[in-house]
Amino acid sequence: MPATFHDLRNKHVLITGGAGGIGAAVSAAFAAQGSRVSILDHDAAAGAKLLGRLNAGDAEVSFHAIDLTDFDSLVPLLHSIEKENGPVDVLINNAAKDPRYDITQMSWAEWEELFKLNVGHYFITCRELIPGMKKNGGGSIIMVTSCNFWIGSGELTCYTATKAAIVGMVRSLAREVGKDMIRVNAIAPGWVMTERQLRERITPEQMKKLQQEDQILPVRLLPEDMAGTFLFLASDQSRVITRQTLAVDAGYAMT
C-alpha cells in the first residue's frame with residue numbers, strides 16, 4: 001500500500017512538465033494524497049487525458065497548456081493560478097528536455113534554448129512563487145536534476161550542464177529562503193523508462209546492460225518509482241531536510 005501523508009491533503013502543489021513521464025506519475029501521486037494540483041505542460045492532449053483520469057475521482061486537479069520558455073506568458077499564468085487556488089505550498093520544477101548533440105556542431109541558439117527550458121523556467125517559477133510561500137509561512141521546492149550530473153554521458157554535454165546548474169541553484173537558494181521556512185531540495189532520477197525513453201532511446205541491449213552491469217539494483221526504473229520521494233520531500237516528514245540532492249537511480253550513478 002502506498003504511504004499516506006495526511007499533511008499533504010489540500011496543499012496546493014504546482015508541477016511543471018506534469019502531463020507525461022515522471023511528471024504524470026508525480027501529479028497522480030499528489031492527487032491521490034488529496035492535494036490540489038496545478039499542472040503546467042506544453043502537451044495539451046496529454047494534459048487533457050491525464051486530467052480526465054485524475055478528476056474521475058475526488059481529486060482537484062487543473063491543467064494549463066503553456067510553453068514554459070515563453071516567460072511573458074508564464075508569469076501572468078502563475079499569478080492567475082495563485083489568485084484562483086491560493087499560494088503554492090509545494091513547487092515541483094520537473095520539465096526538461098534531453099536532446100543529443102555533437103558539441104562541435106551545436107549552435108549557440110540550441111544551447112541557449114535548452115538552458116531556457118531546463119534552467120530558465122525553474123528560476124522564473126521560484127522568483128514569482130516564493131513571495132507567496134513566504135507570506136504563507138513556508139513551503140517546499142523540489143527541483144529535478146539528473147544522475148547524469150555525476151555520470152556525464154556523451155552527446156549530453158549541454159543537458160548535463162543544465163542539470164549541474166540545478167544542483168548549484170538548490171544549494172544557494174536553500175540558504176537564501178531557509179529563514180522563511182522554505183525548504184529546497186533536488187531529486188536526481190536514474191534512467192527512468194518513460195514511454196518516450198522506451199520508444200526513442202533505449203535498445204534491448206542497453207536495457208540488459210543497464211540492469212545487469214550499470215545499476216546496483218537489477219530493476220527497471222519506472223515513473224511511479226520516483227513519486228514516493230517527491231511526496232516525502234513535500235511533506236512534513238522531511239521538515240528538517242533541505243539543500244539536498246537525492247539520487248533515485250537504483251545505484252546507477254554510484255556517487
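When you scan region 79-101, how many residues do you find that are closer than 19 Å to residue 8 by Cβ, of a type outside the set (Val, Ile, Thr) and not in a helix (DSSP H, G or I)? Let's see the steps before the verdict.
Initially, region 79-101 is screened for residues closer than 19 Å to residue 8 by Cβ, giving 81-82, 85-94.
Checking the rest, the ones that are also of a type outside the set (Val, Ile, Thr) come to 82, 85-87, 89, 91, 93-94.
Now drop any that are not not in a helix (DSSP H, G or I), which leaves 86-87, 89, 91, 93-94.
The number of residues fulfilling the criteria is 6.
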Inter-residue pairs, beta-carbon under 6 Å, first under 19 Å from residue 147 (Cβ atoms) and in region 195-211, second assigned to a helix (DSSP H, G or I) and acidic (Asp, Glu), 6+ apart: none
Pairs where the first residue, in region 225-240, is over 14 Å from residue 7 (Cα atoms) and the second is at pLDDT 95 or above and among the basic types (Lys, Arg), C-beta under 9 Å, 6+ apart: 240/183
So residue 56, is it without any contact (Cβ under 8 Å) to a residue 12 or more places away in the chain, in a loop (DSSP other than H, G, I, E, B) and either loosely packed, with under 14 Cβ neighbours inside 10 Å or not charged (D, E, K, R) (or both): yes
Residue within region 145-164 that is touching a Leu at 6+ places or on another chain (Cβ under 7 Å), of a type in the set (Gly, Ala, Ser) and touching a residue at least 12 places away in the same chain (Cβ under 8 Å) present: no
Among (1) of a type in the set (A, V, I, L, M); (2) over 26 Å from residue 245 (Cβ atoms); (3) touching a Leu at 6+ places or on another chain (Cβ under 6 Å), the one test that residue 88 misses: (2)
Subset of region 224-255 [among the aromatic types (Phe, Trp, Tyr) and either assigned to a loop (DSSP other than H, G, I, E, B) or under 14 Å from residue 145 (Cα atoms) (or both)]: 230, 252
Qualifying residues in region 136-158 (those that are under 22 Å from residue 126 (Cβ atoms) and of a type in the set (Ser, Thr, Tyr)) - the one surrounded by the most Cβ atoms within 10 Å (Cβ to Cβ): 146
Residue match in region 82-96 (condition: farther than 23 Å from residue 62 by Cβ and crowded, with 16+ Cβ neighbours inside 10 Å): no
When residues of region 7-45 are limited to those that are in a helix (DSSP H, G or I) and free of Cβ contacts under 8 Å to residues at least 60 places away in the same chain, the one surrounded by the most Cβ atoms within 10 Å (Cβ to Cβ): 27
Test: residue in region 78-98 that is among the β-branched types (Val, Ile, Thr) and within 30 Å of residue 156 (Cβ to Cβ): yes
Test for residue 167: is it in a helix (DSSP H, G or I), β-branched (Val, Ile, Thr), closer than 21 Å to residue 92 by Cα and in contact (Cβ under 8 Å) with a residue 12 or more places away in the chain: yes
Given (1) assigned to a helix (DSSP H, G or I); (2) over 16 Å from the mean Cα position of the chain (by Cα); (3) over 25 Å from residue 46 (Cβ atoms); (4) modelled with pLDDT under 95, number of the condition residue 172 does not satisfy: (4)
Residues being polar (S, T, N, Q) and either over 10 Å from residue 22 (Cα atoms) or not in a loop (DSSP other than H, G, I, E, B) (or both) - total across region 187-201: 1
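Could you please find all residues in region 182-201 being over 30 Å from residue 134 (Cα atoms) and surrounded by 14 or more Cβ atoms within 10 Å (Cβ to Cβ)?
190, 191, 192, 193, 194, 197
The values are calculated or read from the model by the stated rules, or taken from the named source; none is laboratory data. All values derive from a computational prediction rather than experimental measurement. Note: ideal-geometry Cβ built from the backbone for every residue, glycine included; neighbour counts use all protein chains shown.
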